[in-house]
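Q: Dumping the structure here so I can ask a few things about it.
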Amino acid sequence: MTTAPKPIRWHSLATMAVSPKACKRAAEIEREDTPALFAGRVIHCATLEPSRFLRDYRCQPDFGDGRTKAAKEARAEWMTTLGAAEPVPQDVYDLALTCARSVEAHPHALALLKRARTEVEIAWNIDGIACEGRVDILRPVGIADLKSTRQESLRAMHADFARHLYHGQMAWYHDGAVRAGLVTTPEAPSVIAVQTVEPFDVAVMQMSDESLMAGRALYSRLLKTWLGCQEASWWPGIAPDVVTWDLPAWAEGMADLNSDQEDIW
């Protein structure tokens, strides 16, 4: 009896842009909780679910030199008071609160959050393929996403978002919410970008029609490749065939540079 594949989520589908092999692995393993992902999760909770943030996270006190017996005992005693809450280092806790306040102080970001549902799990179907995801901000007229960033300018944010395929992600969630009947009068999705460095600025960016179409074309292409791999039970890596190795443009002058260095030495 053939087991039906698990519903596909964006974080694994996006790796299809690397290779089908990477996509298959991403779908099979639990996503590693790196410090950056942990900080992003805490920022999301403080901004989108402030009541849950106060309930589920605790700021960890400074126990000084954690190698001493007194520090270890103090930390162990404090850990017993946590219950189901998760400890958060002081710097991450403070950063999450700062980002949340910055978003709340931005009138357009606040307008997106008012009367919205947050962190909503949705499920939909595309041509028989089960899909699912979690929408940061869901309203009857559309969706929005919260992104934390270290970029300082709008231009850098736009470039960073493109590199991370966020246009595909936003189109994926937008179309998913529409297909699930959760968005009845759709408008273009938006991103609330909050800086995690001074001055902790906030930008609200609504996708253009062209960006949304490009994102939709991206996820459709990745999904088509995923379906083909699923049907063929073949998940090739980055180079199933022999590839041509070309030097990047920046490396073409390296020979001259090395010659100069040899003359020096």
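Q: Just one of A76, A71, A22 is loosely packed, with under 13 Cβ neighbours inside 10 Å, hydrophobic (A, V, I, L, M, F, W, C) and outside any strand (DSSP E or B); which is it?
A: A76
Q: Return a yes/no flag: does the stretch 135-148 have any residue that is buried (at least 22 other Cβ atoms within 10 Å of the Cβ) and closer than 17 Å to S12 by Cα.
A: yes
Q: I want to confirm something. Restricting to the stretch 79-92 and keeping residues that are in a helix (DSSP H, G or I) and either among the hydroxyl-bearing types (S, T, Y) or within 16 Å of I43 (Cα to Cα) (or both), which single residue is farthest from the chain's Cα centre (by Cα)?
A: Selected residue: Q90.
Q: So which of L146, L154 ends up being farther than 18 Å from H44 by Cβ, of a type in the set (A, V, I, L, M) and in the same structural domain as A217 (by TED's automatic domain parsing)?
A: L154
Q: Okay, next question. When only residues in the stretch 25-58 that are in a loop (DSSP other than H, G, I, E, B) and touching a helix residue (DSSP H, G or I) at 6+ places or on another chain (Cβ under 9 Å) count, which is modelled with the highest pLDDT?
A: E49
Q: Name the residue that is surrounded by the most Cβ atoms within 10 Å (Cβ to Cβ), counting only residues in the stretch 31-45 that are under 16 Å from E119 (Cβ atoms) and touching a Lys or Arg at 6+ places or on another chain (Cβ under 9 Å).
A: C45
Q: How many residues does the stretch 148-184 hold that are within 20 Å of A217 (Cβ to Cβ) and among the small types (G, A, S)?
A: Residues flagged as within 20 Å of A217 (Cβ to Cβ) and among the small types (G, A, S) within the stretch 148-184 amount to 6.
Q: A further question on this structure: Looking at the stretch 127-180, which of its residues are hydrophobic (A, V, I, L, M, F, W, C), in contact with a strand residue (DSSP E or B) (Cβ under 9 Å, 6 or more places away or on another chain) and farther than 19 Å from V204 by Cβ?
A: I129, A130, C131, W172, V178, A180
Q: Follow-up question, since we're still on this one. I'm checking my understanding of the structure. Among residues of the stretch 1-19 that are small (G, A, S) and in a loop (DSSP other than H, G, I, E, B), which one is surrounded by the most Cβ atoms within 10 Å (Cβ to Cβ)?
A: Among those residues, the one meeting the criterion is S19.
Q: Moving on. Can you name the residue in the stretch 162-189 that is crowded, with 22+ Cβ neighbours inside 10 Å and of a type in the set (A, V, I, L, M, F, W, C) and is also farthest from L13 (Cα to Cα) among such residues?
A: Here the residue is V183.
Q: Can you name the helices (runs of 4 or more DSSP H) wholly within the stretch 130-244 that have at least 1 residues being farther than 25 Å from T118 by Cβ and out of contact with any helix residue (DSSP H, G or I) (no Cβ under 7 Å at 6 or more places or on another chain)?
A: Once the helices (runs of 4 or more DSSP H) in the stretch 130-244 are filtered for at least 1 residues that are farther than 25 Å from T118 by Cβ and out of contact with any helix residue (DSSP H, G or I) (no Cβ under 7 Å at 6 or more places or on another chain), what remains is 154-163, 209-232.
The values are calculated or read from the model by the stated rules, or taken from the named source; none is laboratory data. Keep in mind it's a predicted model, so treat the numbers as computed, not measured. Using ideal geometry, Cβ is built from the backbone for each residue, glycine included, and neighbour counts are taken over all protein chains shown.
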